[in-house]
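Remarks on the structure that follows.
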Amino acid sequence: QVLGSSGKLYTCYSSCHFCTCPAFEFSVLQKSESLLCKHILAVYLSQAMGACQELSVSEEQLTNILLAEEEDEG
């Protein structure tokens, strides 16, 4: 998860190059104007610097994370 400038947490999936932020949805997925959002860039930079904390989760835990985010949006 990356803390956005608005104070909201966005979940980034570097393994599949995906972020839950609106900028990723609009600029990357809908318009194809960008390859990534600033949150994914932050993840890649933190990985390169060895400052990233990676968490492996089970399929059940991932389902709970995704459902919790869906509830936050709704």
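Observations
- Any hit, the range 21-31, residues being open to solvent by less than 90 Å² (accessible area, probe 1.4 Å), at pLDDT below 90 and either of a type in the set (Val, Ile, Thr) or not in a loop (DSSP other than H, G, I, E, B) (or both): no
- Identity of the residue in the range 47-62, part of a helix (DSSP H, G or I) and within 16 Å of Phe18 (Cα to Cα), that ends up modelled with the highest pLDDT: Gln47
- Number of positions in the range 39-62 that are closer than 21 Å to Lys8 by Cα, open to solvent by 70 Å² or more (accessible area, probe 1.4 Å) and of a type in the set (Ser, Thr, Tyr): 1
- Applying the criterion of being within 10 Å of the chain's Cα centre (by Cα) and not polar (S, T, N, Q) to the residues of the range 17-34, the residue that is farthest from Val57 (Cα to Cα) is Phe24.
The values are calculated or read from the model by the stated rules, or taken from the named source; none is laboratory data. Quick caveat, the model's predicted, so the values are computed rather than measured. Note: areas computed on protein heavy atoms with side chains; ligands, DNA, RNA excluded. Shrake-Rupley method; radii C 1.70, N 1.55, O 1.52, S 1.80 Å.
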